[in-house]
1. Can you sort A:Trp561, A:Trp216, B:Trp5 by how many other beta carbons sit within 10 Å, fewest first?
2. Have a look at chain B and give its Rg and Dmax from the Cα atoms, expressed in angstrom.
3. Return the loop-located chymotrypsin sites (Phe, Trp or Tyr not before Pro) in segment A:68-108 (DSSP other than H, G, I, E, B) with at most 14 other Cβ atoms within 10 Å of their own Cβ; answer none if there are none.
4. Calculate the dipole size of the protein assembly as shown relative to its Cα centre from +1 charges on Lys and Arg beta carbons and -1 charges on Asp and Glu beta carbons; express the result in debye to the nearest 20.
5. Once phi is turned into θ = phi - 60°, what whole-Hz ³J(HN,Hα) does the Karplus curve with 6.51, -1.76 and 1.60 give for every residue of segment A:602-610, x standing for Gly and Pro?
6. Using Cβ contacts closer than 10 Å as the measure, can you line up A:Lys207, A:Lys576, A:Lys440, A:Lys143 from fewest to most?
7. If you average the C-alpha positions of segment B:221-263 and of segment A:80-102 separately, how far apart do those two centres end up, in angstrom?
8. Report the net charge of residues surrounding A:Leu463, where surrounding means a beta-carbon distance below 15 angstrom and charges are Lys +1, Arg +1, Asp -1, Glu -1.
Amino acid sequence: MSILTLLVASLLATPILYLIAKFNTKIAYGAYAVLQVFSFIYVFFTGRSNVSYEVIGITERLNFNFGITPTNWFFASIVLLIISMSAIFMFPLKKSPVKIFLLGLVSAGTLGAVFSQDFLTLMIFWEISTWASLILIIQDKEKSLKEAIKYVAIASIGTYSMLFAIFYMLDKLGSIEFSTVAARIGGATAEVQLVILISLGVMVLAKMGVFPLHIWLRGSHSSAPDEFSPILSGALTKIGAFLLFIITSALPSFMIFSKLPVFNGIPVVNYAFALLGGISIVVGTVMAIRMEDAKELIAFSTVSNSGYIVMALSIGGTYATAGGLMHVLNHAMASAAMFMAIAAVAYRTGTTKMHEMGGLILKMPVTFATYLVAIISIAGIPPTSGFVSKWLIYQQLVQNGLPFLAFAAFFGSIGSFMYVFKPLAGIFLGQLKPRHRNLKEVPFVMVVPMTILTLLTVFWGILPSNAIKTINAVTASVGINAVEVTFSRIVALTGEWDSILVTTVFAIGFFISLFIFMRAKKARQVDLMDNYTAGDFLYTSELYHFSYRMYRPFDRLFEKWPSMEDWLSSLSDKIKELGALLKAIFYPANPQLYIGLAIVAIIGTFWWLR
Amino acid sequence: MNPVWLIAVPLALAFISTFANRISNWLLFLSAIFNAVAGIFLSFSSGTASYSIGGWRSPFGIDLIVTDATRILLPVANILFFFAVIIHLSKKRALEKFSVVYTISLASLNGILLTNDLFNLFVFLEIAGVAAYLLAMTGKEGESKVAAFKYLLLGSVGSLLYLLGVAVLYAAAGTLNISAIATKVSDGLLNGDVMLVSSLLMIAGLGVESKLVPFNGWVPGVFTKSSNMATLVLASVYPVAMISTFSRVILAVGDRRALDLVIVLGVATVLIGEVIAFKQRNLRSTLAYSSIAQSGLAIFLVGIGTVEALTASVMLIINNALAKFVLFSVDSYTTEELGADDLESLYGLGRMAPVAGLIFTVSALSISGMPLFLGFRAKLLAISSSFESLLVVPIVILLAAAIEITYYFRWIFALYRPYKGEERARLSLPLELMAIGVVLAAILVFLGSSSHETLMAFSKAGNAMVDAIITLGKNLIGGV
């Protein structure tokens, strides 16, 4: 059984699942989950064989090309991990035949995209999963329509930019397979190279949600059905990272642009992309801090982390590339875990607004633990895996001497403490609202995937060398140096660190605090009304859990910041105005004017063409 | 089988209908079935074939030409006409007065697709035009008559310009046979200025029906105001004949410089159509402007003139015909049931009438060119061939495509919008509409996801568009 069979099976399974769901949604969803888990296990454990297939024609000159290079395998495993975990997770949530059909298309398209070996195959399968995910986003919530239109507009900008790049490539270089383009692009003129790489870059920016094409993320991720947000954020944006890796490392853009001016050792074009990534980090972090809805907050966190990935992969070099790839893995897991935790909370409480909840740590401890580990990973604190990727990226930034980008990266890390803490405090800590007194933890089916992601995050934090070795294999396949690792030690430019040692220190610290906590006197639980009042009388219980507009001073700082979401709607208005103008010119009310236009056109063109 | 039957039978039955009013509907049905079946038989053979009419040998007489392109386009046009008749046959009242007109339009469309003579083409264009003007005024409101009148004015001027172009060319070439003239053109026997003038006049004339800017002022009014069956026939069957004939004639007898004009006008049509469509608030107008844009897309490829471009053009014509048929049918159905077709009225339609929502979505996605559908294959080829000319062309086309996707998704989202209010009653499509819609949608998906071999027919058609007429001409001249 080959990858092709798997792909065809996923595509064919989609209408079958739809038909099954018409009778019994549970069976259909169960079958879908089984298919995804099986795909993941199959790919993860048998991949890396470097086989490639060329299949049935798209047009006369172009065929679908699939392959399993280490790069394909790496991205496929990550994406399939997230999709399979989500597939298990979504079992108790609202089901429908339409949703499972679209989910089937999304996963089949994603599978085809990550195993592609040429740009057109990548684009076609990516498009399939994009239009399916568009219709899926609007399935549950009323407000999702306006947001999804923004996604349509930006996704189409990206897609057509890539389509342009593909045919331009075909015209100038004669091929669109990754390996062939890599061999030939070095010999093309600078103009051709720039056009190709920038158009492909626009697609990356659009799909990963990086400044300035990040405005669709907030709305789409937050208004998507709860079970689909982990897939959107954790899997689909990572296909953009796949394309970015191909552009920057496989092609590779450093060698190509080495004729252009170089800034601190990085070609100008790469630096421009990295800059966009850096701005994205800052914008994402600041906007996330200001959000009141948990899903919108995590959506902006995705903007920020996509910025990290773009920055790291654009800068290039041993450590940034390894760090960027590791960040793809980390962010996929952490983002999916965060969205799952919020979905779990929403499943029980019916809301995602943070100020409507509180104190859920007692009622939903596993969800809390999942969310906690995920945010520790996003903030980049050992012993979770997030620390490793960020550390590697910092190494490269420092070596290359890039102060602005380093500032942006550090700002992102520190700022992320702020915004990840907001849902934690708002949802899990603080006072339990009376109506939530009877909440229970989510069903076992939802607990399992959350736990798996948490354990994986911690595992790769304790033993990152396991992940780094795999990443070394990936980077080696495109000719980049490997990061030196031993069993527990990672060596880089400014030093080395031993992950087991760090974990041990953390564990010791944890146990000391635990010991103190257990030996100290237990807190006495008192009622809210049992309070010191200095002679005054208490009649109502006060809310001491301040979670609404938690960062009001910070908010005020950025109140006047211009919103980029407006530019898309004003663009749309301008197009409508242009439409009105064109209608007035070319479709006037009087038929005499039509005829007049026709005669003018004929005479004018005769004069032109003669 | 001599294809002249495809023209003769509907024409004869139409004449009979004028005397026997009561059975005119059945005669329409009969001619539609006959043409559909005959069209399918025509597609079984291959290669280029020419048939003389009345025993006069070409290039002195009129002859009909059947190329590989005709073998795809003619059956599609006839079958879609047949489907339109089936769907609307039950509404006897609407059809009654106009069934003669429909029968004549069927005859004339077949004539346009088959003829190889310029003046004969003019005759059939006039017949089809008159039928179209009458169909355009079938709408219920007074505005439909006004729109039809505008169409009449513009169409008459257009056909007169075309006639002038034909006259100029006849005077220069000495024959009216398209293949013969094509041979003379390719041998360089005709004066350049004469060719240019006649080409421009013919582009103007044919451009009126082919919805080319700036000759397409009639489209929005006619498409939005006429009756349901009329719009269906005018929007999905007429373009197949008109655009392919435009391509055939201009490629055969047109001046090479005029092809640049065709590219410019085609691209302008696409951009203008999509931008105006973006601002429309109700579905019918959106589809009307989208039809304009799709015509522009098919036509600018003619200007590029390579085999790949013409293949893409044929695929786009077919895609537009099938998808617009479904879209306009669903739209007219919902307008009847719900009273209006603006964004708010269509909310949640996908859940009220799931089959309608599904076929609508499939057709809309195919027109906007999403993978898994025929429209994607067509667009891919179109963009690939657009790189043959200036770089501005693909950029503008892609920009227009981005706008197109956005507004089509707006409609798809409206269909699948989750409910806020109370559940609305389930709508059920009439059986014929459901069956035909599902078949057409399935064809779009099948052609979109099948391997390259299945689409060989389109490549042959593209090849035929470029070469067949001239080749026939060379054989003719050689023989005579």
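Any read-out appearing in this document is the output of simple, stated calculations on the displayed coordinates, not a laboratory observation. What you are looking at is a predicted structure, and each value in this text was computed from that prediction instead of being measured. Counting neighbours? That spans all protein chains shown, and the Cβs are built from the backbone with ideal geometry, glycine included.
1. Values: A:Trp561 11, A:Trp216 23, B:Trp5 15.
Arranged by neighbour count, lowest to highest, A:Trp561, A:Trp216, B:Trp5 become A:Trp561, B:Trp5, A:Trp216.
2. Both quantities, over Cα of chain B: 21.3, 76 Å.
3. Values: sites: A:Trp73, A:Phe74, A:Phe75, A:Phe89, A:Phe101; in loops: none.
Sparse-neighbourhood loop chymotrypsin sites (Phe, Trp or Tyr not before Pro): none present.
4. Working: 72 positive and 57 negative charges, 371 e Å.
That gives the protein assembly as shown a dipole magnitude of about 1780 debye.
5. Using θ = phi - 60°, the values come out as 5, 5, x, 6, 4, 4, 5, 7, 5 Hz.
6. Details: A:Lys207 27, A:Lys576 15, A:Lys440 8, A:Lys143 12.
The fewest-first ordering by Cβ neighbours comes to A:Lys440, A:Lys143, A:Lys576, A:Lys207.
7. 46
8. Numbers: positive: A:Lys469, A:Arg489; negative: A:Asp498.
My count for the surroundings of A:Leu463 gives +1.
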